[in-house]
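Read through the structure below, which is laid out as structure tokens, and then see the notes.
The values are calculated or read from the model by the stated rules, or taken from the named source; none is laboratory data. Just so it is clear, the structure is predicted and the values come from calculations on it, not from any experiment. Positions of Cβ are generated from backbone atoms using ideal geometry, with glycine treated the same way; all protein chains shown enter the neighbour counts. Just the protein is used for accessible areas: all its heavy atoms, side chains included, with ligands, DNA and RNA removed. Shrake-Rupley method; radii C 1.70, N 1.55, O 1.52, S 1.80 Å.
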Amino acid sequence: MNGGAEKENVSLEDLRKIMANFARERNWEQYHSPRELSEIFQWKGEVPKGLPDWKEEEKIHLGEELSDVLLYLVQLSNMCGIDLGKAALRKVQLNALKYPVPISKDSSNKQNINNNNLGMVDIKVNDDSSSSTETL
């Protein structure tokens, strides 16, 4: 993904990398436990990343539940004529403007930041070995 180039299709892997980098830049990974990200864990108590204490059949069940949500979302976006990939990238752009790294880093507060500069921002897609940016 090169800066300035609008990508026609956005893969789930692209979105995963964008969101991982977004959270990493703000040091928000510490606030993103599975329990915080999904209600499916409400009866499990605190659950560490990677689910090391889960049985394989529990992980399979979770995968099925997450897939149901994903498939429903894809179908809903299709029925509504929404390009889900573009909508997701736009949302990341808006969040980057709302929660800039210098103000948001190491803070879990969902503060509203007045930012009248709604210009384009570079969203980094990097995950360990690769690094690229896309201007949105």
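Among the listed pairs 44/86; 49/98; 49/105; 55/105, which have their C-alpha atoms separated by more than 29 angstrom in this model? As for pairs spanning more than 29 Å Cα to Cα, those are 44/86; 55/105.
If you stretched the chain out fully between residue 49 and residue 80, how much longer would it get, using 0.36 nm times the residue separation minus the C-alpha to C-alpha distance? Please list the in-between numbers first.
On the way: separation 31, 0.36 × 31 = 11.16 nm, distance 3.38 nm.
Residue separation times 0.36 nm, minus the Cα-Cα distance, leaves 7.8 nm.
Taking 0.36 nm per residue of separation and subtracting the Cα-Cα distance, what length does fully extending residue 56 through residue 106 add?
Details: separation 50, 0.36 × 50 = 18.00 nm, distance 3.33 nm.
Full extension of this stretch gives 14.7 nm more.
For the pair residue 38 and residue 95 in one chain, pulling the backbone fully straight at 0.36 nm per residue adds 18.6 nm over the alpha carbon distance. Restriction of the trypsin sites (Lys or Arg not before Pro) in the range 50-87 to DSSP coil positions whose beta-carbon has at most 10 other beta-carbons within 10 angstrom yields 55. Quick one: with all protein chains in place, what share of the accessible area of the range 47-105 is carbon or sulfur, to the nearest percent (1.4 Å probe)? Using a 1.4 Å probe with all protein chains present, the range 47-105 comes out at 62 percent carbon and sulfur.
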